[in-house]
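The values are calculated or read from the model by the stated rules, or taken from the named source; none is laboratory data. Please read all numbers here as calculations on a predicted model, not as lab measurements. Ideal geometry is used to build each Cβ from the backbone, glycine not excepted, and the neighbour counts take in all protein chains shown.
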Amino acid sequence: MSAPLVPARLAFAADGTPFSQAFGDVYHSAEGGPGQARHVFLAGNGLPGRWRGRRRFTLLETGFGLGLNFLVTWDAWRGDAGRCERLHFVSLEKHPFSRHDLEQLHARHPEFAPLAAQLHAAWPLLVPGVHRLEFEGGRVVLTLAFADATHALRELRLAADAVFLDGFDPRRNPELWSPELMRVVARACAPGATAATWSAAASVREALRSAGFEVQKRPGFAQKRDMLQARVVRSGREAAAPGERRALVVGAGIAGAAVSERLCARGWEVTLIERQPRRPAGEPGRHAGVFHPVVTPDDSLFARLTRAGFLAALARWRALQAAGQALVWDECGVLQLARDEREAVAQHNAIATLGLPPGYAQQASRDAASAYAGVPLAAGGLWFPSSGWIRPLSLIDAQLAAAGARLEARFGCEAARITRGPDGWTATDRDGRTIARAPVVVLANAADALKLAPQRAIRIRRVRGQISFLPGERFAAPHVVVLRGGFVLPAMRGESIAGASYDFDDDDPSPRASSHAGNLERLARILPGAAADLDPAALQGVVGFRAVAPDRLPLIGALCNEDAAAPRNPRLATLPRCEGLFGSFAFGSRGLLWAGLGAELLASHLEGEPLPLEARLAEALDPGRFLLRTLRRTTSAQA
């Protein structure tokens with residue numbers, strides 16, 4: 001379970017320097033935070049010189065604090081003509097400031113006003129976990145881990161080229177300078193990585209040396225006599241890099257469009273194969289889907305994954321919209337009504353235990369929920385003010401448009417087979433004709449993925465889902481999305497949407513009255529009496545099919561080679577994989593939330609970049625998890 005996040009409190013020392021009451025220390029030198037950042041962290045790591053000419057450079061910071069080190073680094077990158085193509089800045093922070101407090105703090109440094117304004121606009125909700133923020137069209141990437149530093153760094157996967165060791169005085173904040181943390185820092189470093197810190201304490205020097213750093217003193221900043229400069233002397237974690245940035249993506253739904261856009265944003269050439277004909281551009285369709293997080297009292301793995309996907313989706317959609325893409329969506333808010341008293345108690349306990357900010361989730365009484373909705377509701381529940389609805393077709397179109405000229409989309413073209421040869425993967429049609437070739441294939445075609453790449457250990461089921469369109473003249477729609485064993489959306493173009501059925505092993509593609517009747521029953525549990533004047537036989541609807549894995553989590557990552565010899569002590573890291581073959585499918589009913597996160601995870605893995613979420617969560621999505629369970633059951637049975 002994630003610990004509740006405790007934000008930092010804004011305070012100042014007598015001389016006006018930002019001050020932490022929790023640690024009894026200032027955030028930076030009284031002579032100025034930017035000057036300290038340039039002298040200690042940039043110069044101490046040989047920057048900007050060391051990132052020049054590099055495709056990618058990764059920095060790790062042990063305490064984000066006011067964010068001045070990030071702003072100084074970003075400013076230096078912008079001003080360097082020889083800068084690296086992509087700068088990753090990974091920072092840990094146990095007690096982050098609110099956006100409002102950052103705005104006040106950064107107002108004291110007008111030289112960074114344009115950059116600070118962008119940071120403020122992208123600043124995430126203060127909830128635990130990993131948050132990824134992109135700037136400069138994705139060329140500057142800030143990955144924030146809101147958690148205890150040692151725990152967070154154990155869960156992050158990166159290969160840092162330089163480290164900013166920044167925290168309060170070691171006597172007041174020993175956790176950020178402990179030998180244990182320095183060992184974890186060293187394991188997160190690339191070979192030859194450097195580190196720098198303003199502290200020259202003997203305990204810090206010893207902790208660095210014991211972790212495998214070569215340490216030396218250098219002149220400190222302003223009135224401080226010494227600082228420390230260090231270099232990894234033990235072998236670090238090597239960052240992988242693709243040889244050729246070309247990929248085939250099979251499936252142009254939400255998952256395939258997201259993967260295509262994320263790869264093209266990194267300079268990949270992508271061929272997208274879709275068996276359905278292309279729709280008219282700019283037609284968002286009638287269907288709309290709901291996006292919202294999940295809250296549980298124990299902050300379960302499912303809740304954390306949904307939170308990560310929700311926050312990643314908001315960030316990406318806002319970025320697409322800011323870039324001029326025509327998304328059709330609304331953060332109108334979502335109400336999740338309690339189904340019974342037991343669920344109401346669980347919702348209350350979750351909010352009380354996790355300390356979530358009101359902008360993310362809050363509890364609402366029946367009266368308050370009805371006020372949000374603008375219509376009488378059957379119960380109270382959870383209110384998610386940043387959630388809402390989106391038309392999936394508009395999202396797909398926006399992602400394909402954002403992919404730009406690097407994307408070649410082939411619609412009305414079905415990949416019947418994929419084979420691997422000396423030059424990579426080849427996709428062929430039913431007549432054996434070659435469609436395209438590439439060293440990397442990403443299967444994003446839902447349940448059909450396993451037809452192209454059979455995986456005996458994975459069982460995917462298709463689930464039929466039908467939604468119903470409710471005519472506005474006969475139905476008073478709520479002003480927000482409301483959930484309770486089903487959902488109902490606000491009115492759009494004179495109609496609302498209710499749903500949805502969830503039918504296993506049902507391949508009927510046509511809407512039917514019995515499913516409409518089921519949707520109206522769900523509607524009645526949300527809005528008492530709302531379905532009274534609606535005839536199921538007279539309603540229109542749409543049927544879609546979801547692909548669902550046994551554990552209800554998607555499959556994102558490298559697919560396994562089940563015919564290769566199994567490792568003696570099987571682990572995800574040691575499972576044999578099919579070289580260049582990846583999947584992003586089985587999203588169930590949460591493709592809107594997880595597809596974007598999955599695409600970023602996959603693209604980061606292929607590029608050898610820091611992953612956008614904790615290792616434990618990434619492993620929960622790994623397609624190899626099912627083979628691993630099979631192998632362990634077999635090993636246990638033979639023991």
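Numbers below:
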quantity	calculated
Matching residues in segment 130-154 - criterion: being modelled with pLDDT of 95 or more, touching a Lys or Arg at 6+ places or on another chain (Cβ under 7 Å) and surrounded by 20 or more Cβ atoms within 10 Å (Cβ to Cβ)	Val141, Thr143
Near pairs, Cβ below 9 angstrom, 6+ apart or cross-chain, from segment 76-90 (under 8 Å from Arg139 (Cβ atoms)) to any residue that is among the acidic types (Asp, Glu)	Arg86/Glu607; Arg86/Glu609; Leu87/Glu136
Close pairs from segment 122-142: first basic (Lys, Arg), partner modelled with pLDDT of 95 or more, Cβ under 6 Å, at least 6 apart	Arg132/Thr143; Arg132/Pro612; Arg139/Arg86
Residue among Ala281, Ala241, Ala222 that is closer than 19 Å to Asp166 by Cβ and either within 30 Å of the chain's Cα centre (by Cα) or at pLDDT below 95 (or both)	Ala222
Filtered residue count, segment 451-464, keeping only those that are buried (at least 17 other Cβ atoms within 10 Å of the Cβ), more than 30 Å from Gly285 (Cβ to Cβ) and touching a helix residue (DSSP H, G or I) at 6+ places or on another chain (Cβ under 7 Å)	1
Residue match in segment 496-507 (condition: polar (S, T, N, Q), more than 21 Å from Arg391 (Cβ to Cβ) and more than 26 Å from the chain's Cα centre (by Cα))	no
Candidate set: segment 482-517, residues that are surrounded by 20 or more Cβ atoms within 10 Å (Cβ to Cβ) and in contact with an Asp or Glu (Cβ under 9 Å, 6 or more places away or on another chain); chosen: the one farthest from Val543 (Cα to Cα)	Pro490
Selection count, segment 347-375, where residues are buried (at least 18 other Cβ atoms within 10 Å of the Cβ), polar (S, T, N, Q) and part of a helix (DSSP H, G or I)	2
Count - residues of segment 180-203 that are surrounded by fewer than 22 Cβ atoms within 10 Å (Cβ to Cβ) and in a helix (DSSP H, G or I)	6
Among the residues listed as Ala558, Ala566, the single one being assigned to a loop (DSSP other than H, G, I, E, B) and in the same structural domain as Arg266 (by TED's automatic domain parsing)	Ala566
Flag for Ala378 being of a type in the set (Gly, Ala, Ser), surrounded by 15 or more Cβ atoms within 10 Å (Cβ to Cβ), closer than 22 Å to Pro490 by Cβ and modelled with pLDDT under 95	yes
Test: Asp533 is over 34 Å from the mean Cα position of the chain (by Cα), surrounded by fewer than 22 Cβ atoms within 10 Å (Cβ to Cβ), assigned to a loop (DSSP other than H, G, I, E, B) and of a type in the set (D, E, K, R)	yes
Residue satisfying condition, being in contact with a helix residue (DSSP H, G or I) (Cβ under 6 Å, 6 or more places away or on another chain) and part of a loop (DSSP other than H, G, I, E, B), within set Gly285, Gly243, Gly267	Gly285
Cross-chain or 6+ apart pairs with Cβ under 6 Å, segment 97-115 first and of a type in the set (Phe, Trp, Tyr) and crowded, with 19+ Cβ neighbours inside 10 Å, then in a helix (DSSP H, G or I) and at pLDDT 95 or above	Phe112/Leu71
Ala252 being small (Gly, Ala, Ser), modelled with pLDDT under 95 and in a loop (DSSP other than H, G, I, E, B)	no
Selected residue [buried (at least 16 other Cβ atoms within 10 Å of the Cβ), among the small types (Gly, Ala, Ser) and either under 30 Å from Leu393 (Cβ atoms) or over 22 Å from the mean Cα position of the chain (by Cα) (or both)] from Ala323, Ala344	Ala344
Inter-residue pairs, beta-carbon under 7 Å, first free of Cβ contacts under 8 Å to residues at least 12 places away in the same chain and farther than 14 Å from Phe469 by Cβ and in segment 509-536, second outside any helix (DSSP H, G or I) and not charged (D, E, K, R), 6+ apart	Ala524/Ala530; Ala524/Ala531
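Residues checked against (1) modelled with pLDDT under 95; (2) surrounded by 15 or more Cβ atoms within 10 Å (Cβ to Cβ); (3) within 30 Å of Ala530 (Cα to Cα); (4) aromatic (Phe, Trp, Tyr):
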site	(1), (2), (3), (4)
Ala401	no, yes, no, no
Ala409	no, yes, no, no
Asp423	yes, no, no, no
Arg437	no, yes, no, no
Leu443	no, yes, no, no
Ala449	no, yes, no, no
Gln466	no, yes, yes, no
